[in-house]
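What follows is a single structure, written as structure tokens, with notes after it.
No value in this document is a laboratory result; all are computed from the given coordinates. Fair warning: this is a prediction, and the values are worked out from it, not measured in the lab. Cβ placement follows ideal geometry from the backbone for every residue including glycine, while neighbour counts extend to all protein chains displayed.
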Amino acid sequence: HTHTHTHTHTHTRTTTTTHTHTHSKYRVKSHYFYIQESQTVARVMMQQWLPDIAVDPPSPAIFDYLGVTGRRDLDDATPLELEEVRAASDALLFDFLVDDHDRRERKNWMRSRGMHPPNASSSPAAPPWISLDSGLAFKHGPVAPPSCLGILCNFYERVRLFEDKPEEDEGWNVRRADYEETCQRTCTFRRETIERLRRLVVQCESDCFRDRLERLIAEDPLAPVFHLLTYEEQLLVGESGVLAVFPEEDFALGVEGRVRRVLEHIEGCKERFGAARVLV
């Protein structure tokens, strides 16, 4: 595609240039935007305030069900466990659609503390996990690379493989990236969620997914929102690439593309495990 990008050379001056590029060649430069007054520049990140919440991740058993590991049979799941599986798959699906890689094994799995006791997993009224982008959405720009399906990996499995291995260890990040390319990804999803996405993207003729998303972006008080994200072209290590700001239409198109990508993933799961096991 050819788009017009705004290249920022200083905090007070911008120039505009037209480029031909592949979106996936960009990575986020900063999720911060700048407020300048006189000679002072402040880095500010805005995130929705949610009161009275608690971190409450799914149990390892829930991830075993999600990944169809063979360690647990979904037929043996209790009604509460089955609903936890559905809710966890919805949370991971949301993360994939907004390219948020920051929900980990014990991080950013948040629920409203006022609605359930501290141990939500034992509560019959445990609410779903909060869908929040953690301030780190759209890490790779409008179009996420295939490796972003690593968001659907079993985080507990990753911990077992990489715990006690310091990040400073040579090759640590390479090994983790390799795992996220080859891991057992979530293959269990809420049937109603997937059927709705399919209706809005694959079977839709008017007021479809992208139309609704662009309308919601336009109605947001901070619209156009995405102009606050700056991306840098990925070059060799140590080299600086071109800075780019993408229009909101690109992100709407990109999220729709992620929906199609996850629907393809689900079709692969159904071929391996059967539709009855994948959509619950």
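Data overview
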{"quantity": "Linear extension gain, Asp220 paired with Val242, 0.36 nm per residue minus alpha-carbon span", "calculated": "5.1 nm"}
{"quantity": "Label-point separation in nm, Trp49 to Thr193, each point 7 Å along Cα→Cβ", "calculated": "2.9"}
{"quantity": "Relative packing of 83-94, 265-276, which averages over residues the other C-beta atoms within 10 Å, highest first", "calculated": "83-94, 265-276"}
{"quantity": "5 angstrom amide H check on Thr230, placed H, neighbours 5+ away", "calculated": "Lys29, Ser30"}
